[in-house]
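**Q** Could you have a look at this structure, given as structure tokens, before my questions?
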Amino acid sequence: MDERPIGVFDSGVGGLTVVRSLIDLLPRENLIYFGDTGRGPYGGRSLEEVRCFSIQIVQWLVDQGVKLVVIACNTASAAALQEARARFRVPIIGVVEPGVRAALKTSRQGRVGMIGTAGTVASGAYEDAMRAMRGREGKGDLISVACPRFVEFVEKGEVWGAEISRLASMYLMPLREACVDTLILGCTHYPLLARVISDAVGRHVTLLSSADETAFEVTDILVRTGKDRRGLGLGWHRFVCTSDTEHFRLLGVQFLGPEVREVAFVGF
Ligand code: DGL
């Protein structure tokens with residue numbers, strides 16, 4: 001039994017999609033969420049810069065006494081997962097491998113697409129993870145496409161409308177042409193755009209977010225190491241961000257739900 005909270009971070013509100021799955025699966029766990037809204041989006045920044053921000057945030061979470069960190073951001077997972085694991089003693093979970101694992105389980109014909117930020121696509125992290133796992137699990141091509149402007153819409157609270165639909169149909173054209181049967185939402189903001197994405201790519205394509213698979217991985221680790229809060233009451237949830245806290249709170253209520261009551265400011 002370990003009462004300490006789980007730490008979760010993202011460049012903004014996208015990681016709340018992972019928090020939703022974590023709270024649903026692990027309602028007794030305490031949780032601290034860090035949204036780096038003051039410096040996000042990360043997608044257009046260099047991987048080196050994202051690595052520095054990520055290490056700084058993991059350090060902050062570790063200083064708060066977390067027992068495990070979830071990097072609920074694909075761009076930060078691609079840039080910093082290895083280094084964070086080497087530097088810190090708490091278990092650190094990224095979202096890339098869980099997404100690939102889910103896709104390999106789901107895809108019927110092995111025609112898998114991935115959409116993410118420019119940084120995630122350029123990093124090749126999904127291709128690497130796919131190559132590493134394909135050996136064990138059999139099948140899978142990967143067609144990766146960057147959707148650079150999606151995040152800015154989500155961070156404004158806009159998840160549908162003519163402009164975003166036009167962008168989606170333009171970005172997703174190569175995936176339609178490649179006849180993918182499964183599409184990994186390789187950015188934690190994108191599940192919030194699932195309707196628009198599904199309209200653009202076609203209803204026959206299975207959309208996969210890594211949120212649930214990541215939450216299962218966290219559960220496995222906590223249970224295996226005896227660090228879950230089994231048998232205790234419901235956990236508390238604390239939210240911090242690095243810019244306008246009221247804007248974050250309103251988006252948090254819209255995207256996550258009533259768990260987002262107060263949001264505190266953290267200045268870096
Ligand atoms: N939600 C993030 C991701 O999964 C970051 C998006 C961004 O900041 O550009 O990549």
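The values are calculated or read from the model by the stated rules, or taken from the named source; none is laboratory data. As the structure is a computational prediction, the values presented were derived from the model and not from experiment. Please note: Cβ atoms are built from the backbone with ideal geometry, for glycine as well, and neighbour counts cover all protein chains shown. Ligands, DNA and RNA are excluded from the accessible area calculation, which covers all protein heavy atoms including side chains. Shrake-Rupley method; radii C 1.70, N 1.55, O 1.52, S 1.80 Å.
**Q** Can you give me the number of residues within region 196-210 that are of a type outside the set (Gly, Ala, Ser), touching a residue at least 60 places away in the same chain (Cβ under 8 Å) and part of a loop (DSSP other than H, G, I, E, B)?
**A** So the count comes out to 1.
**Q** For region 181-195, give me each residue that is free of Cβ contacts under 8 Å to residues at least 60 places away in the same chain and either within 16 Å of the ligand (Cβ to nearest atom) or under 19 Å from Tyr126 (Cβ atoms) (or both).
**A** Leu193, Ala194
**Q** Now for a different question. So which residues in region 31-52 are within 12 Å of the ligand (Cβ to nearest atom) and crowded, with 24+ Cβ neighbours inside 10 Å?
**A** Gly35, Asp36, Gly40, Pro41, Tyr42, Gly43, Val50 - these are the residues of region 31-52 that are within 12 Å of the ligand (Cβ to nearest atom) and crowded, with 24+ Cβ neighbours inside 10 Å.
**Q** Another one. Search region 221-237 for residues being crowded, with 17+ Cβ neighbours inside 10 Å and modelled with pLDDT of 95 or more, and hand back the single one that is nearest to Tyr42 (Cα to Cα).
**A** Per the stated criteria, the residue is His237.
**Q** For region 71-90, what are the residues that are closer than 21 Å to Asp128 by Cβ, away from the ligand (no atom under 12 Å from the Cβ) and not charged (D, E, K, R)?
**A** Leu81, Gln82, Ala84, Ala86
**Q** I've got another one for you. Six or more apart or on different chains, Cβ atoms under 8 Å: show the pairs whose first residue is in region 41-58 and free of Cβ contacts under 8 Å to residues at least 40 places away in the same chain and hydrophobic (A, V, I, L, M, F, W, C) and whose second is open to solvent by 10 Å² or more (accessible area, probe 1.4 Å) and outside any loop (DSSP other than H, G, I, E, B).
**A** Ile55/Glu83; Ile55/Arg87
Yes/no per residue for (1) of a type in the set (S, T, N, Q); (2) open to solvent by less than 10 Å² (accessible area, probe 1.4 Å); (3) on the phi > 0 side of the Ramachandran plot:
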site	(1), (2), (3)
Ser169	yes, no, no
Leu172	no, yes, no
Leu175	no, yes, no
Gly186	no, yes, no
Arg195	no, no, no
Ala200	no, no, no
Ser209	yes, no, no
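**Q** Starting from region 226-239, keep only residues that are in contact (Cβ under 8 Å) with a residue 60 or more places away in the chain, then list their pairs with residues that are surrounded by fewer than 18 Cβ atoms within 10 Å (Cβ to Cβ) and among the polar types (S, T, N, Q) whose Cβ atoms are within a distance under 8 Å, requiring at least 6 positions of separation or different chains.
**A** Sorted first by the residue in region 226-239, then by its partner, the pairs are Asp228/Thr219.
**Q** So, of the residues in region 246-261 that are in a loop (DSSP other than H, G, I, E, B) and out of contact with any strand residue (DSSP E or B) (no Cβ under 7 Å at 6 or more places or on another chain), which turns out to be most open to solvent (accessible area, probe 1.4 Å)?
**A** Going through the qualifying residues, I end up with Arg261.
**Q** Please verify whether region 154-164 includes one or more residues that are open to solvent by less than 10 Å² (accessible area, probe 1.4 Å), on the phi < 0 side of the Ramachandran plot and in contact (Cβ under 8 Å) with a residue 24 or more places away in the chain.
**A** Yes, the conditions are met somewhere in region 154-164.
**Q** Sort out which residues of region 81-109 are part of a helix (DSSP H, G or I) and either in contact with a Phe, Trp or Tyr (Cβ under 8 Å, 6 or more places away or on another chain) or among the charged types (D, E, K, R) (or both), and write them in order of number.
**A** Glu83, Arg85, Arg87, Val96, Glu97, Pro98, Gly99, Val100, Arg101, Lys105
**Q** Something else now. Taking region 58-70 as the search range and keeping residues that are assigned to a helix (DSSP H, G or I) and away from the ligand (no atom under 16 Å from the Cβ), which one is most open to solvent (accessible area, probe 1.4 Å)?
**A** This residue is Asp63.
**Q** A further question on this structure: Pairs under 6 Å by beta carbon, first residue touching a residue at least 60 places away in the same chain (Cβ under 8 Å) in region 82-98, partner surrounded by fewer than 23 Cβ atoms within 10 Å (Cβ to Cβ) and among the β-branched types (Val, Ile, Thr), six or more apart or different chains?
**A** What qualifies is Pro91/Ile221.
**Q** Return the residues of region 211-220 that are among the acidic types (Asp, Glu), touching a residue at least 12 places away in the same chain (Cβ under 8 Å) and open to solvent by 50 Å² or more (accessible area, probe 1.4 Å); say none if nothing qualifies.
**A** Asp212
**Q** Those residues that are buried (at least 24 other Cβ atoms within 10 Å of the Cβ), over 15 Å from the mean Cα position of the chain (by Cα) and of a type in the set (A, V, I, L, M), I need them from region 104-122; list them, please.
**A** Result: Val112, single match.
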